[in-house]
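Structure, as structure tokens:
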Amino acid sequence: MQPQFEEKRFALRMALRLPIVVSGRTDDGAAWSEPTETDDISTLGALFQLNQKIASGDTLYVRSHRPDGVPVEVKAQVVRLSQGSHGTSRVGVSIIEQKEAWLRLFVAWIADDNLAEGMEE
């Protein structure tokens with residue numbers, strides 16, 4: 001008998017408040033864009049809050065910058081939605097295009113965070 005795992009996410013995850021801009025399209029095709037920040041990021045995705053109404057399965061674009069200022073834009077799919085604070089939605093996305101660019105962003109922020117901690121000692 002195989003053990004049942006409730007948690008299916010195996011990506012390295014880190015609590016990080018990273019400024020991002022999320023954009024997408026409404027049902028009628030109108031483009032929207034909203035600045036926010038991540039609650040956490042992983043090697044495969046991110047969790048953040050949005051005011052914009054979206055649905056599970058929607059395609060979004062997430063833009064950010066590495067610590068050295070290099071811009072990163074990735075295509076993501078909404079895989080989790082829950083109630084956020086103050087009427088927002090907590091949105092979990094999985095990166096579906098430019099995965100390597102997202103992984104570089106993740107690694108760059110971890111390295112930057114570790115360097116900052118090392119300087120404090």
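Every read-out reported here was derived from the displayed coordinates using simple, explicitly stated rules and does not represent laboratory data. Everything numeric in this text was worked out from a predicted model, so none of it was measured. Reconstructed Cβ throughout: ideal geometry from the backbone, glycine too, with neighbour counts over all protein chains shown.
Counting 0.36 nm for each residue step from residue 65 to residue 32 and taking away their Cα separation leaves a gain of 9.9 nm.
So, by mean Cβ neighbours within 10 angstrom, what's the order for 49-59, 22-32 with the highest one leading?
Values: 49-59: 14.3, 22-32: 12.1.
Result, highest mean first: 49-59, 22-32.
For residue 37, the residues whose amide H sits under 5 Å from its own are 20, 49, ignoring neighbours fewer than 5 places away on the same chain, with H placed 1.01 Å from N. 3J(HN,Hα) along the range 37-46, derived from phi through the Karplus expression 6.51 cos²θ - 1.76 cosθ + 1.60 where θ = phi - 60°, amounts to 9, 6, 7, 7, 10, 9, 5, 10, x, 7 Hz, with x in place of Gly and Pro.
Remark: the residue 40-residue 14 segment gains 8.8 nm on full extension, using 0.36 nm per residue and subtracting the alpha carbon distance.
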